[in-house]
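I have placed the structure first, in the form of structure tokens, so that the comments after it can refer back to it.
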Amino acid sequence: MNSQTSLQTTAHNIANKNTEGFSRQRVETKTNEPVGEGKLRIGMGARPSEVTRVNNPFIEKQIEAEGSKLGYMEGRSSMLSRVEQVYNEQVNKGLNQFMSEFFNSLRELANNPESLATRTMVKESGQFLAKDFQRMDHQLGELQSDVDFRLSAKVEEINQYTREIANLNEKIQAVELQGVTANDERDRRDVLVKKLSELVNIRYGESEEGQLSITAGNSAVLVSGFSSRDLFVAATQERDGKPEGGFDVFYRSTEEGTPTNITKQITGGDLGGLLQVRDTVIAGLKNKVDTLAYTLSTEVNKAHIEGFDRYNKKGEAFFMQPKEVKGAAQSLTLNQTIINDVGKIAAAGDINAPGDNRIANVMSAIQYKKVLSDDSFTVDDFYSSMVGQIGIETQRANSAYDTQVDTLKQLKNIRESISGVSLDEEATKMIEFQKAFDASARLIRTADEMMDTVLNLKRM
């Protein structure tokens, strides 16, 4: 029976060689109580006492902690790579080129202030510039919306894990009340805890009865005993970089309780990385694009209204001036009057001065005028610093992610060396148990032959 139990356990190990999170099991044997006969104590063999799993809780805890960091870095890295593509001008024409073309067209206007063709070029380059501001703002907004979509999917994934963990808590207690260890159920629960930590920062603890309690953030008790509580997302008002209608994460302690917004408590896992990019990185970039659009349009308008058009009339605003910095990129457009008649573009500094190009020169010089960040940056420098910032941040995020992948891989290799199944080792054990089984069978056969001899004594 001992050999048979060990062989069955070996077969179980081999079958689960590729099962995620499986810890190899072994049979612990215990000596039977010996029997006393006079001055002798005769041993009564051994029996299986329990089937245990080879597992190091400290390594498991480390893998869970490092997995949470990996989830956070993966969320940041994946979104930052997409943000970087918005500023990628190697494949498609970008904002920097449209700004250069706009200011170059103003220089052409300064060279040919009476040319309608040059004025048309100024109008078209201005329209293209305004549309690219809108394009960039729209793409950044779409990335924030995509984060919301991913948040919703991740939260549903979290809920599935917590429900299964609560069910496993119940199974583990039911099994262990019978005095045996629920090895396979505990392995599965450990796997789910690791997967959960990759999605959101959690704290957890195990009771004496083997029940696991899990808390997300600081206050959201996701699992307690046999019960679990779901997270959910909902659109909320604008705040702290989060756009209007963007999703926040909520927790309800009871079915009829008031939902608690725990978004700010989520600082780790995939959710934490996504929220950080949405509310900090993308929000900051959108604000910078708005600032650039507002400042550029303000400076151009300020110069344009000081000049005179082809009809010797005072210049109007070149761009429709945004009301405020916020949303300036999305609302930036050319003045409809200029769109209808390029003769309304003001290039001269005085009335009745054909060939006067002073205002055109002033507008073209705005490209190199320090008008941003307390007059510290030109529009070109400001945009370049924005592109440099996202490039450096993405590179750091990718590098940190790659490093963390290696760290977690190393920990998993250590775990495999302790808890993993080695087919060579199991094959050796299989032969060992088979030989022990054969030896036990011979012993029984020998005892049987001895009994036959005793029974045949009377016949003789």
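Brief remarks on what is shown
- Label-point separation in nm, GLU157 to ASP240, each point 7 Å along Cα→Cβ: 2.4
- Unit charges on C-beta of K, R, D, E only; dipole of the chain, Debye: 520
- Straight-line reach from LYS429: taking Cα to Cα under 19 Å and skipping same-chain neighbours fewer than 8 places apart, the aspartates and glutamates in range are GLU28, GLU50, GLU416, ASP438.
- Extension gain from GLU124 to ILE14, taking 0.36 nm per residue of separation minus the Cα-Cα distance: 32.5 nm
- Extension gain for ALA353 to ALA46 (0.36 nm times residue separation, less C-alpha to C-alpha distance): 99.1 nm.
- Dipole axis of the chain (+1 Lys, Arg; -1 Asp, Glu on Cβ), positive-most option in THR10, LEU199, TYR161: THR10
- For the residue pairs LYS61/LYS194; LYS131/LYS369; LYS288/LYS326, the alpha carbons lie more than 19 Å apart in LYS131/LYS369.
- Relative contact order [Cα under 8 Å, 6+ residues apart], the chain, whole percent: 22
- Highest to lowest packing among 192-201, 58-67, scored as the average C-beta count within 10 Å: 192-201, 58-67
- Partner lysines for LYS264 [C-alpha distance under 18 Å; skip if fewer than 8 residues away on the same chain]: LYS69, LYS154, LYS242
- 15 Å cut-off, amide nitrogen to a point 7 angstrom out along GLU209 Cα→Cβ, residues in segment 146-188: 166-179
- 18 Å cut-off, amide nitrogen to a point 7 angstrom out along ASN32 Cα→Cβ, residues in segment 418-448: 436-448
- Mean residue ellipticity (222 nm) of the chain, computed from DSSP H runs ≥ 4 via -39,500 (n - 2.57), nearest 500: -20000 deg cm²/dmol
- Volume of the Cα convex hull of the chain, divided per residue and given in Å³: 197
- Between ASN167 and THR280, full extension at 0.36 nm per residue minus the direct alpha carbon distance yields a gain of 36.9 nm.
- Virtual spin-label span in nm between THR254 and THR453, 7 Å along Cα→Cβ: 7.9
Each reported figure results from applying straightforward, stated rules to the coordinates on display, with no laboratory input. Note that the structure is a prediction, hence the values are computed from the model and not measured. Please note: Cβ atoms are built from the backbone with ideal geometry, for glycine as well, and neighbour counts cover all protein chains shown.
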